[in-house]
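Each remark here refers to the structure printed beneath this line.
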Amino acid sequence: MSSAFVRELDELPPESPPERVVSQHPNYVTSRGLKLIERALADLDQRIAGCEDEAQMAWLRRDQRYWAARRANAQVVESPADPDEVAFGTRVTFRKDGGAPETVELVGEDEAEPAQGRLSWVAPLARAMIGAMPGETVELETRTPAIRLEILAVEPIRLLN
C-alpha cells in the first residue's frame, strides 16, 4: 500500500474525552457548594485561557460544560435554622448498630467529601436518615443485614466558606 493513503498516528486528532455524567437528581447545593461550583468555573476559565495543547483543551472544555450545567441547575437550599429532623443542610450525629457516635453533614452531590464528614444527600446512608428525628432508629436497608441507625442529634450546618 502506498504511504500516501496511511495517516501517521501523530497526525490523528486527539480523541474527545467522554462527557461527565450529570446527575438526574435535583442539584441542591449549600451556599458553600455554589461557591465551589463558581470557583471551579473560574479556575477552568483561567486554565483554558492559558492552554495551548489541543488534547488538554478538550478535557478542560468537557469539565467546563459539566460545571456550567451544574451551575445552571443549582438550587441553593439554606440550612434550616432549628431543624427537628434530618434534612438537606443539616449536621447529623448518629450511631450505627450501637457503635460509637458519628457525625456527617448532608450536602450537595458535588460538595460531598465523605472523608471530611460531608455526605451527599442522595447517598444511601443519607437517604435512610432523611426525615428521622433525634431518638428515632431507622434502617439502612441497602446493606445485608440492614444496619440500624440511631439518630442522636440534628443541627444546622454552620458554613465556613
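Values as computed for the structure displayed
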{"read-out": "Sites Met57 and Thr137 - FRET efficiency at Förster radius 45 Å, r taken between beta-carbons, to 0.05", "value": "0.30"}
{"read-out": "Long-range Cα-Cα pairs in segment 24-76 (distance over 19 Å), rounded percent", "value": "32 percent"}
{"read-out": "For segment 90-156, average projected area of the Cα convex hull in nm²", "value": "4.3 nm²"}
{"read-out": "Whole-number percent relative contact order across the chain, with pairs defined as alpha carbons under 8 Å at least 6 apart", "value": "22 percent"}
{"read-out": "Relative contact order, percent, segment 58-140 [alpha-carbon distance under 8 Å, six or more residues apart]", "value": "21 percent"}
{"read-out": "Per-pair calculated FRET efficiency, R0 = 22 Å: Thr103 and Arg71 via Cβ, rounded to 0.05", "value": "0.15"}
{"read-out": "Relative contact order (%) - criterion: Cα under 8 Å, at least six apart; region: segment 24-76", "value": "63 percent"}
{"read-out": "Structure-derived semi-axes √(5λ) of the Cα gyration tensor in Å - corresponding label in (i) 37, 19, 16; (ii) 26, 17, 14; (iii) 43, 20, 11", "value": "(iii)"}
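Read the figures in this text as sums done on the coordinates, not as results from a lab. Predicted model only: the values in this text are computed from it and were never measured. All Cβ positions, glycine included, derive from the backbone under ideal geometry; neighbour counts span all protein chains shown.
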